[in-house]
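Right, one structure below, let's go through it.
FYI, it's all coordinate maths here, none of it is from the lab. On a predicted model such as this, the values are computed, not experimentally measured, just so you know. So basically every Cβ, Gly included, is an ideal-geometry build from the backbone, and we count neighbours across all protein chains shown.
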Amino acid sequence: MASRLLPSDKFTDQILIEAMINGMLASDFSQILAVTPFSFKNFDKGGTSINPAWRNAVWHVRSYTLVYFAAANAVKNLSHCLVSIGTSTRLSNSG
């Protein structure tokens, strides 16, 4: 499973959007969840322990790939790579 928060400032990054689409299509199952508190702007910043990344994220994207318990390590590694395509660095970097 790969899970990433998609912040509002990344929606104009066409390379990221294309990579996210490709990663989701390569997985066995993907979800785009609109469950972040992005729309709640008037809140007590000290009143919750929520991670600030959740406040800036519009979507929570999750992708899954089925891996059998007895699968070879190479198969497990390939499955991990498939669901992680495009989600590891472009979301965490400003570029």
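3J(HN,Hα) along segment 37-47, derived from phi through the Karplus expression 6.51 cos²θ - 1.76 cosθ + 1.60 where θ = phi - 60°, amounts to x, 4, 7, 8, 9, 9, 9, 7, 4, x, x Hz, with x in place of Gly and Pro. Looking at segment 1-42, the chymotrypsin sites (Phe, Trp or Tyr not before Pro) that sit in a DSSP loop and have at most 11 other Cβ atoms within 10 Å of their own Cβ are 40. Applying 1/(1 + (r/R0)^6) with r as the Cβ-Cβ distance of residue 34 and residue 78 and R0 = 30 angstrom yields a FRET efficiency of 0.50. Each Lys or Arg adds one and each Asp or Glu subtracts one; over the other residues with Cβ under 12 Å from the Cβ of residue 33, this totals +2.
Here's the list of aspartates and glutamates a cross-link from residue 10 could span, going by alpha-carbon distance under 17 Å and ignoring same-chain residues fewer than 8 apart: 18.
Estimated from the Cβ-Cβ distance and a Förster radius of 30 angstrom, the FRET efficiency linking residue 42 and residue 9 is about 0.90. If the chain linking residue 71 and residue 58 were pulled fully straight, counting 0.36 nm for each residue of separation and taking away their Cα-Cα distance, it would gain 1.1 nm.
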